[in-house]
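Working notes, structure below.
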Amino acid sequence: MSARPRARLLQVLRIVERTPQMRRITLGGADLAGFTAGSEGAHIKLLFPPLAGEAPVLPMLGERGPVWPEGAVRPVVRTYSVARIDAQAQELDVDIVLHGDEGPASRWALTARVGDSLGLAGPGGPELFRADADRHLLIGDPSSYALLCAVIAKLPGHARIDALLEVPDAEEVQPLPQHPGLTARWISRDGAPAGPSLRLLEAVRGLPWPSSDRVSATLAGESAQVVAIRDFLLRERAVAKSMMYAVPYWKDRWDEERYHDERHRIMDEFDEAQA
Ligand SMILES: Cc1cc2nc3c(=O)[nH]c(=O)nc-3n(C[C@H](O)[C@H](O)[C@H](O)COP(=O)(O)OP(=O)(O)OC[C@H]3O[C@@H](n4cnc5c(N)ncnc54)[C@H](O)[C@@H]3O)c2cc1C
C-alpha cells in the first residue's frame, strides 16, 4: 500500500481575542506548503488532539481511504472555514467561536497556547456565491463570520451586498471588510438561545425585494435558522437553489457527532426539492 499523509500537522503561531466569544488562531508550519492561496471561506477539517498540548495522530491516505495507526486514539474532527491564508508566509487563520467547554473544538480553542499542534485537512466545499448575481445576500452568525468576510472581500466594487448577522449579544459585533456596496446589519439575540430565534428570519423578510434583481444568497449558521431562511428564500422569494450557498454549520443543543448525518439529510433534501 502506498500511503501518504492525509492531513497536515500545524502549530499555533498566534492567538488573538477578537471578542469575548471568538478567538482568531493563526496556524503555521512547513506542512502548510502548497495550501491553496485565495481559499478564504473554504471548508477545512481540524483534527483536535485528545488533550490540549498533545499532537494529534493523523491518518495516512491509503488506496481505500484514510488509514490509522493501530491502537491510535483518533483525534476529534470538526469543520471550520479558512479566515485568511498567506501561502508565502505559511500562515492560516481560523476564527473559532468559544461557546463553552462542552464541545472539544471550543474547549481546545479556549485553552490553546502558542506552539500547540493541530491537524488540518482540506480545503474544499461548494462555491460560496454566484458571481453573476445583481445583488448578494449574506446571512449568518459568528460561526459564519469568516465565510461572510471572505465573500465580501472577494466581491467586486460594483457589487450590491446586504449582510445580516445575528449575534448572541452586542459584545460579539465585529468589523466587516470595507466595501462600497455593503449595507450591514447586526442583530443581537440579547442572550436568548439561537435555535428558536426568529430574529434573523424576520430581518430577511423585511429586506426590500425588487423583482428584477437576480439574487445570490450565502447563508450559514444555526441549523433551524438556516433551514427556515433557506425555505423562505426558495418558496417566497423564488431564489433558485443554484443561486444559494445554504449550509447549516451547527445545531443548537446537538454536538457534531449527533448532528453530522442530520446536516447531510437536510442538504440532500434541498437537492431533491430542486431536482
Ligand atoms: C462548513 C462549515 C464551516 C464552519 N466554519 C466555522 C468557523 O469558521 N468558525 C466556527 O466557530 N465554527 C464553524 N463551523 C461550526 C463548527 O463546526 C461547529 O460549531 C462545531 O459544532 C463546533 O464543535 P465543538 O466541538 O466546539 O462543539 P460540539 O461538540 O459539536 O457541540 C457541543 C455543544 O455546543 C453547541 N455549539 C456548537 N457550535 C456552537 C456555536 N457556534 N455556538 C453556540 N453553541 C454551539 C452544540 O449545540 C452542542 O450543544 C463550521 C461548520 C461547517 C459545517
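We did not get these values from a lab; they are worked out from the coordinates using the rules stated. Everything numeric in this text was worked out from a predicted model, so none of it was measured. Positions of Cβ are generated from backbone atoms using ideal geometry, with glycine treated the same way; all protein chains shown enter the neighbour counts.
Which of the three applies to the chain, rounded, prolate or oblate, going by the alpha-carbon gyration tensor with a ≥ b ≥ c and a/c under 1.5 meaning rounded? Walk me through the numbers before you get to the answer.
On the way: a/c = 1.65, a/b = 1.58, b/c = 1.04.
Since a/c reaches 1.5 and a/b is larger than b/c, the shape of the chain is classed as prolate.
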Q) Helix 145-154 versus the longest principal axis of the chain: what is the Cα-based angle in degrees, 0 to 90, to the nearest 10? A) 70
Q) Where the convex hull is taken over the Cα atoms of the range 135-274, what is its projected area averaged over directions, in nm²? A) 8.4
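Among residues other than HIS264 whose Cβ falls under 14 Å from its Cβ, what is the net charge (Lys/Arg +1, Asp/Glu -1)? Each step should come with its number before you reach the end.
Numbers: positive: LYS251, ARG258, ARG263, ARG265; negative: GLU256, GLU257, ASP261, GLU262, ASP268, GLU269, ASP271, GLU272.
Spelling it out: positives minus negatives among the neighbours equals -4.
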Q | In order through the range 8-17: 3J(HN,Hα) via Karplus (6.51 cos²θ - 1.76 cosθ + 1.60), integer Hz, x for Gly, Pro | A | 9, 9, 10, 10, 6, 9, 8, 9, 10, 7
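For the range 135-274, give me the percentage of DSSP beta bridges that are antiparallel, rounded to the nearest 5 percent. Show your work: numbers first, answer last.
Details: 1 of 25 bridges.
The antiparallel fraction comes to roughly 5 percent.
Please get the size of the charge dipole for the chain, origin at its Cα centre, with Cβ charges of +1 on Lys and Arg and -1 on Asp and Glu, quoted in debye to the nearest 20.
On the way: 32 positive and 38 negative charges, 85 e Å.
Roughly 400 debye, rounded to the nearest 20.
Run the numbers on the range 4-124 and let me know its relative contact order in percent, using alpha-carbon pairs under 8 Å that are six or more apart.
Relative contact order, the range 4-124: 40 percent.
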Q) Using Cα pairs under 8 angstrom and six or more residues apart, how large is the relative contact order of the chain, in percent? A) 18
Q. Cα axis of helix 256-274 to longest principal axis of the chain: angle in degrees, 0 to 90, nearest 10?
A. 40
Q | Bridge type composition, the chain - antiparallel percent by DSSP, nearest 5 | A | 60
Q: Find which of SER242, LEU200, PHE232 sits farthest along the positive direction of the dipole of the chain, computed with +1 on the beta-carbon of Lys and Arg, -1 on that of Asp and Glu, about the Cα centre.
A: SER242
(Q) Would you report the distance distribution of C-alpha pairs in the range 4-124 as whole percents per 10 angstrom bin, up to the bin with the largest distance? (A) 14, 48, 32, 6, 0
